[in-house]
Amino acid sequence: MREDRLSPFRDAQTDRSTASEVPDTPQTRSPAYRLAFADDDFLCRDELRPVRLQLELLKPEMIMTEREITSTVVMFGGARIPEPSQKHKARTETLAGLSKYYDEAREFARLMTEKSNQTGCRENVIVTGGGPGVMEAGNRGAQDAGGCSIGLNIVLPHEQAPNLYVTPDLSFNFHYFAIRKMHFLMRARAITIFPGGFGTMDELFESLTLIQTGRMERVPFLLFGRAFWEKVINWEALADAGTISDEDLDLFRFVDTAQEAVEIIENWEPAPPRDEIPGR
């Protein structure tokens with residue numbers, strides 16, 4: 001039993017260990033006899049979904065709290081964007097051209113992590129989805145600076161390992177997209193969006209909607225690559241149609257370099273959440 005526990009009761013680890021040493025009988029072999037919290041088959045039942053949701057929220061939260069991580073800088077972006085030295089392997093010429101944003105993502109993460117290091121890896125810690133492409137560049141840049149970074153992986157049918165630059169004890173894996181998104185934003189002090197596909201756009205619009213509707217504080221919201229984003233999304237058309245307001249176009253900024261992004265974040269004046277939605 002852990003000496004630092006406040007409770008006078010036996011702890012769960014001790015009982016799990018004791019239960020594993022009972023005599024082998026038909027009764028002890030029965031799934032019904034397993035301790036509920038140590039029964040993987042039971043925990044994976046559909047009825048236990050609320051418990052699993054809670055566990056996925058708690059585990060990363062507890063670890064980051066123990067590490068005293070108070071704020072993060074979020075990096076979203078495409079998994080298919082190659083490192084410049086590998087751009088000849090890109091599926092399209094456009095992807096090859098976007099490889100420059102791998103370097104910008106890496107440099108941005110390096111610059112931000114140099115500042116994070118001054119706080120003992122507690123503030124403005126880089127967080128990515130933990131995969132390849134822009135995500136790899138972000139974690140790699142943090143490692144270049146000798147700092148830590150977070151990777152929030154998700155189990156997909158085409159399972160892949162986390163990129164090798166994520167700080168190992170800050171490398172998490174999720175079953176639920178919704179809980180993963182919460183962890184991206186719970187400590188966010190800046191959000192950066194690099195060119196990407198469906199996943200990146202999902203993260204872009206969900207984050208932007210939280211800010212637009214006042215459910216989240218205004219933070220620097222930076223889209224890397226004006227030419228890319230203005231080509232794939234007609235922002236002005238949304239405002240002209242009235243489906244968003246002109247003021248909503250001020251919720252984000254376009255940048256093209258890591259240095260531009262760092263300067264905006266450094267000079268950002270904290271802004272409270274919106275208390276009303278313009279145009280409604």
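Throughout, read-outs are computed from the coordinates displayed, never taken from laboratory work. Every value quoted in this text rests on a predicted model; they were computed, and no experiment measured them. Glycine gets a Cβ as well: all are built from the backbone with ideal geometry, and neighbour counts include every protein chain shown.
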Cα shape, the stretch 73-226, gyration tensor, a/c 1.5 rule: rounded
Dipole magnitude of the chain about its Cα centre (Cβ charges: Lys, Arg +1; Asp, Glu -1), debye to nearest 20: 580 debye
Those Cys residues of the chain for which no other cysteine Cβ falls under 4.7 Å: C44
Length-normalised contact order for the stretch 152-209 - Cα pairs under 8 Å, 6+ apart - percent: 32 percent
Residues with amide H under 5 Å from that of F174, placed H, sequence gap 5 or more: N153, I154, V155
Non-local Lys pairs in the chain, i.e. 8 or more apart or on different chains, that have alpha carbons under 24 Å apart: 7
Using alpha-carbon coordinates, inclination of helix 49-66 to the longest axis of the chain, degrees: 70 degrees
Dipole of the chain, positive end: most advanced residue of N153, L251, F221 [Cβ charges, Cα centre]: N153
Within the chain, helix-based [θ] at 222 nm, where runs of 4 or more DSSP H residues each add -39,500 (n - 2.57), nearest 500: -12000 deg cm²/dmol
Relative contact order of the chain, pairs being alpha-carbon contacts under 8 Å that are 6 or more residues apart, as %: 16 percent
Unit charges on C-beta of K, R, D, E only; dipole of the stretch 37-80, Debye: 300 debye
Total charge dipole magnitude, the stretch 179-280, about the Cα centre, Cβ charges on Lys, Arg, Asp, Glu only, Debye to nearest 20: 480 debye
With Cα atoms, 0 to 90° folded angle of helix 198-212 axis to the chain main axis: 80 degrees
Ordering of 35-46, 175-186 by packing [mean C-beta count within 10 Å, highest first]: 175-186, 35-46
Charge dipole of the chain about the Cα centre (unit charges at C-beta), most positive-ward option of P26, L57, Y176: P26
